[in-house]
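S.K.: Here's a structure for you.
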Amino acid sequence: MLKNYLITIFRQIQKNKVFSSINILGLALGMAACLVITQYVNFHTSFDTFHTNKDQIFRLESDAYKNGESLGQSYNAPSMMGETLRDQSPIVKEVARFYNYNYANNSIIYTNRNDKVSFEQPGVYVADEGAFDLFDFKFIAGSPAKFGEPQKAILTLGASRKYFDDPEKAIGKSFTLSGNNGPHEYELIGVLEDIPENSHIQFELLLSYPSLDNYTKARNSWAYSSVTTYLILSDPSQQSVVMEDVIRLHEENSKESYAANGYAVDYFLRPLTDIHLNAETEWAESAGVNSKTVFVLSFIAIIILVIAWINYMNLSLVRTIERLKEMGIRKCMGSSMKQITQLFILEAFVMNLLAFGLALLIKQMGEKYLIEVTGLPVSALMDLKVLTLLLGLIGVGTMLIGFYPFLLLKTMNMVNILVGNRGKVGGSKMRKSMVFVQFMITFILIAGTVTVYNQINYMRDADLGIDIENILVIESPPGDVSSEEREDVDRFSTLKTELLKYASIQEITNAGEIPGEPVGWGANLRLKNETDENSVYTGLISMDVDFPQFFGIDVIAGRALRNGDDPWSRGDVVINQKLAEQLGFSNPEDALGAEIDGFYGPTLKVQGVLENHHHTSLHNDYMPMAYILSSWTEFYFIKLRLDENSDEAKSEQLSNLVATVKSEWDQVFTDYQMDYFFLDRAFDEQYKEDIRFGKIFSGFSALAILIACLGLFGLTSFSVQQRTKEIGIRKVLGATAKNLMVLLSKEYMALVGAACIVSLPAAWWIMSKWLEDYTFRIEIGWWFAVIPILFVIGLALLSISSKVLSTVKTNPVKSLRTE
């Protein structure tokens, strides 16, 4: 029986190659899209699930407020909070604290006999012993046994390979961590496996917690919220009890000092596995993914698969009508409805299986592109759980699709079918309803794609208030700011002198901050004689004197800083327009001469006000900023003069200029590698997730739209097939091709038009909510309705006309002979 069924199925596939190909391709595209989106969602929802105690671990976070206004969420807390909770709360088994030390321009210097190796070292954190009790970070060599002692360090395998060939032999070796806070010796006591990609905690070098005293007073303080604190609870259901202890400790030790500066915090615990999807990106150790993105893509995956199934049913229905006489004969020859149903279910299973194989082939062929677009590691694209889930969905889809023809046949009289009287085929309203829903979704997807595209272009093309084009950025070697002998400053001066001899080098400057990254240095500044609660948290830009001129930041009041100004003795400072406004000056001119307290040196005196600029992406509002002359340097900036040539010529010119700069660098900084990048590309990295979301959204929306059009083509084919004789008669009676085109398409075009109108409010609401995540955003205008409507109607006309025109051109004699 099974063999007979399979022979029948493959004969049907071979007989109806076009319809079978469309069916399988539609299902395959739907499955491939669903597979990739599901793997994307699965990867991002799998973050931190590899830890054994994941369900017991929480991060202490807070909602921060300044004079009653929300500042967003913070993932930092005072260092003493975690330690005291561990000692006083019976539910807190252990804590792990991390201090981000990436702001100090760190490099590791390792000397082995006469060989000296030095590399810039990113991913530097100070952590306590509890990190290895809470988290499953695996040691390849060494152990955390001595990690409670000062000047101990642990490297990841990838970082250790820059300095040591064998991790086992590296244990016990010493190296120097050099940065803007000076050099410090560390003993390597362990090497870890590289941190998994689906961990929100990412680091390359861990320093023991007592070593924190080298860099800050935060270790034994309640005043500084600078430490990320994780707790492991003996009973996760007792979070409320832990929060009572947190609130009590805050009120006893830090609430008063916070309030004196106008700050307030509301602490809460966030489960470890929720951090990647729910943490605000600017506070997280690694960039998270917006939970809205995951939800939207999950919804699209479901929609695509459902649309593919609906289309399969609609297209299969056309073939089922043609096979009614076959089914009637089978019935008369003794086949039961059960056997006929089994045949349809098996046929649906075979088609789904063929589509699944094609979907895997499509995914495999596009894997390189998918990795680039989605950002997924190769391992995530090979996830067996996702494949198993999709196979389960194939089973569900097979049953749903296979029963649909059975329900249709059950309503029809087989005797009438055998004598050629099919009667009226039911299910018309259901089929039209499915098309209506499909094109509602199609309109929303097109409107969403246009909105996402416009928003991303708006952010990338907006006037930033600074010039970031053709700027080469070099990460500066470390320099101890407390030292009187600054070799790095002298070397930079030499490099600057030599490079400015080249006509292709316009300007050179340095700074401790870089456009495109959050400002890492800040202070609560207030007008002199004002109370602390009226202070404004301000980003401090440590810079060379020509920094504003270099970046084209306009002076709108007063003057820029100049040689001879000194914030550390005389308090000379310039501020931006945003800070002037928040200090209470409606006119920038009024801020000139204002005295500001709260700085780490003397009272500051405002010499000038600079125009606001976007230091980070347009996700964020302008930040209050003060510009400080300082030798704290992390970046050298070189503005290149390029000829206006083609992209190819420009690329070649850039390569030659980089080679020139590197040649001069090697002459001056003989013991440091030149690590460089271009500022405009680095700035665009902030939009990486937005661009990725846009590509995924638009790409899979296009697939959903294509599949929906295939469904409309199927329905049109079905309708034309049923009205073949009518078309022939109308042509004989004088109907033109235009008349017939209008007759056969108006019903579906009205359906598509109604779907657009009905879905417009929903699309507007959805995209308005999405745009709320952006401080600077586009306004939804006429294009939001017009472009999607024209696009949907155009696609619908194309889908319908392709079948209608071929039928209209058929000889009416042939149409009248059609049974």
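The values are calculated or read from the model by the stated rules, or taken from the named source; none is laboratory data. Here the structure is a predicted model, which is why all the values come from computation and not from measurement. Methodologically, a virtual Cβ is constructed for each residue, glycine included, from the backbone with ideal geometry; neighbour enumeration extends over all protein chains shown. For the accessible areas, the whole protein counts, side chains as well, though only heavy atoms, and no ligand, DNA or RNA atoms are used. Shrake-Rupley method; radii C 1.70, N 1.55, O 1.52, S 1.80 Å.
S.K.: Of the listed pairs Lys173/Lys217; Lys255/Lys578; Lys496/Lys662; Lys639/Lys688, which have alpha-carbon separations greater than 18 Å here? Walk me through the intermediate numbers first.
M.R.: Numbers: Lys173/Lys217 28 Å; Lys255/Lys578 28 Å; Lys496/Lys662 13 Å; Lys639/Lys688 24 Å.
Over 18 Å Cα-Cα: Lys173/Lys217; Lys255/Lys578; Lys639/Lys688.
S.K.: A follow-up question, please. Thinking of segment 1-149 as a set of Cα atoms, what percent of all their pairs are more than 28 Å apart?
M.R.: Details: 6187 of 11026 pairs.
Summing the P(r) tail past 28 Å for segment 1-149 gives 56 percent.
S.K.: Same structure again: Below 28 Å, Cα to Cα, which lysines can Lys432 reach? Residues fewer than 8 away in the same chain don't count.
M.R.: Straight-distance partners of Lys432: Lys15, Lys17, Lys325, Lys410, Lys424, Lys725, Lys731, Lys738, Lys746, Lys803, Lys809.
S.K.: If we count chymotrypsin sites (Phe, Trp or Tyr not before Pro) as exposed when they sit in a DSSP loop and have at most 11 other beta carbons within 10 Å, what is the longest stretch of the chain that avoids them all?
M.R.: Numbers: sites that count: Tyr600, Trp782.
With a cap of 11 other Cβ atoms within 10 Å, the longest stretch comes to 1-599.
S.K.: Given Thr216, Ala131, Phe203, which one lies farthest toward the positive end of the charge dipole of segment 118-219, if we put +1 on the Cβ of every Lys and Arg and -1 on the Cβ of every Asp and Glu?
M.R.: Among Thr216, Ala131, Phe203, the one farthest towards the positive end of the dipole of segment 118-219 is Thr216.
S.K.: Tell me which label goes with the value of Rg and Dmax of the Cα atoms in Å computed from the coordinates here: (1) 62.8, 230; (2) 44.0, 128; (3) 33.7, 106.
M.R.: Entry (3).
S.K.: Would you list, by chain and number, the aspartates and glutamates whose Cα falls below 19 Å from the Cα of Lys292, excluding same-chain residues fewer than 8 positions away?
M.R.: Partners found: Asp274, Glu280, Glu282, Glu689, Asp690, Glu772, Asp773.
S.K.: Round to a whole number: what % of the accessible area of segment 637-776 belongs to carbon and sulfur, probe 1.4 Å? Could the numbers behind the result be given before it?
M.R.: Values: 3760 of 6840 Å².
Accessible surface attributable to carbon and sulfur in segment 637-776 totals 55 percent.
S.K.: With a 1.4 Å probe and all protein chains left in place, how much of the accessible area of segment 32-104 comes from carbon and sulfur atoms, in whole percent?
M.R.: Numbers: 1090 of 2450 Å².
Carbon and sulfur atoms account for 45 percent of the accessible area of segment 32-104.
S.K.: How would Arg681, Arg692 line up by accessible area, probe 1.4 Å, largest first?
M.R.: In descending accessible area the options line up as Arg681, Arg692.
S.K.: Quick one: grab Rg to one decimal and Dmax as a whole number for segment 492-582, Cα atoms only, in Å.
M.R.: When restricted to Cα atoms, segment 492-582 yields Rg and Dmax of 15.8, 52 Å.
S.K.: Divide the volume of the convex hull of the Cα atoms of segment 125-204 by its number of residues and quote the answer in cubic angstrom per residue.
M.R.: On the way: hull volume 8.0 nm³, N = 80.
For segment 125-204, the hull spanned by Cα atoms encloses 101 Å³ per residue.
S.K.: With a sphere of radius 11 Å drawn around the Cβ of Leu249, what net charge do the other residues whose Cβ falls strictly inside it have (Lys, Arg +1; Asp, Glu -1)? Could the numbers behind the result be given before it?
M.R.: Values: positive: Arg248, Lys255; negative: Glu83, Asp87, Glu244, Asp245, Glu251, Glu252.
Within the 11 Å Cβ shell, the charges total -4.
S.K.: Something else about it: Mean separation of Cα pairs under 8 Å and 6+ residues apart, divided by the residue count of the chain: what relative contact order is that in percent? Intermediate results must be reported in sequence, preceding the final value.
M.R.: On the way: 1375 pairs, mean separation 127.9, N = 819.
In percent, rounded to a whole number, it is 16.
S.K.: Per Stokes-Einstein, at 37 °C and 0.692 mPa s, what whole-number D in µm² s⁻¹ belongs to segment 582-685, with the Kirkwood radius over Cα pairs as the hydrodynamic radius? Don't jump to the answer; show the numbers that get you there.
M.R.: Working: Rh = 18.2 Å.
The calculation lands on 181 µm²/s.
S.K.: Also, I was wondering about something else. In straight Cα distance, which aspartates and glutamates are under 14 Å from Lys116, not counting same-chain residues fewer than 8 positions off?
M.R.: Cα-Cα hits under 14 Å: Asp671.
S.K.: Using a 1.4 angstrom probe and counting only protein chains, how large is the accessible area of Ser46 in Å², to 10?
M.R.: Approximately 20 Å² of Ser46 is accessible to the 1.4 Å probe.
S.K.: Measure off, as a whole percent, the carbon and sulfur share of the 1.4 Å-probe accessible area of segment 471-591, all protein chains present.
M.R.: Here it works out to 41 percent.
S.K.: Which whole-number value in Å² is the accessible area per residue of the chain, probe 1.4 Å? Display every interim value, and only then the final one.
M.R.: Working: 37050 Å² over 819 residues.
For the chain, the per-residue accessible area is 45 Å².
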